[in-house]
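Here the structure comes first, spelled out in structure tokens, and everything after it is commentary.
The values are calculated or read from the model by the stated rules, or taken from the named source; none is laboratory data. Please read all numbers here as calculations on a predicted model, not as lab measurements. We place every Cβ from the backbone using ideal geometry, glycine too, and count neighbours over all the protein chains shown. Heads up: the accessible areas ignore ligands, DNA and RNA and are worked out on the full protein's heavy atoms, side chains in. Shrake-Rupley method; radii C 1.70, N 1.55, O 1.52, S 1.80 Å.
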Amino acid sequence: MPSPKAQKIDLNAEYPCPCGRKGRLVPIVLTEAFGCNRCQQIFVVEKSEQVIEQLSTTHPYKKAWLWTGSRWYRAHTGLKEHYLASAFVLVVLLPLIWVIGVCNIPNLANRHLWAIIPVVLVELIALIQWLAYRR
Ligand SMILES: [Zn+2]
């Protein structure tokens, strides 16, 4: 899926709020942030000046949006990339290391069973994570 082209955010302009409650994002004087007049959330403009991040203590991860010129587009935050990277390590690299390790143990009984344990475990963890993340 191609990302929409991001536009620079003008700190002196007003934008619709991404909260979807027909709020307006009003610039907060002398800061690089906007405040919504409906949901009272504060959104900080990132250094790239193309992304706003919601200042929130109630969410475990930050929400961020790209400005496309007409509407906000939900952006991928650093934490999600981090999450995907750790998921990759967990699902792909660890079982691989385990399988290679098991193959190098001489005279191991039930070698194929030992090889299958981490795969089953990791797939279970991945499934649980996916179910939790999906909601
Ligand atoms: Zn709002």
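With respect to the conditions (1) farther than 30 Å from Gln7 by Cα; (2) of a type in the set (A, V, I, L, M); (3) free of Cβ contacts under 8 Å to residues at least 12 places away in the same chain, Leu84 falls short on a single one, namely (1). Among residues of the stretch 5-35 being open to solvent by 40 Å² or more (accessible area, probe 1.4 Å) and touching a Ser or Thr at 6+ places or on another chain (Cβ under 7 Å), the one that is nearest to the ligand (Cβ to nearest atom) is Gln7.
Of everything listed in (1) assigned to a loop (DSSP other than H, G, I, E, B); (2) within 16 Å of the ligand (Cβ to nearest atom); (3) under 23 Å from the mean Cα position of the chain (by Cα); (4) surrounded by 12 or more Cβ atoms within 10 Å (Cβ to Cβ), the single unmet condition for Arg38 is (3).
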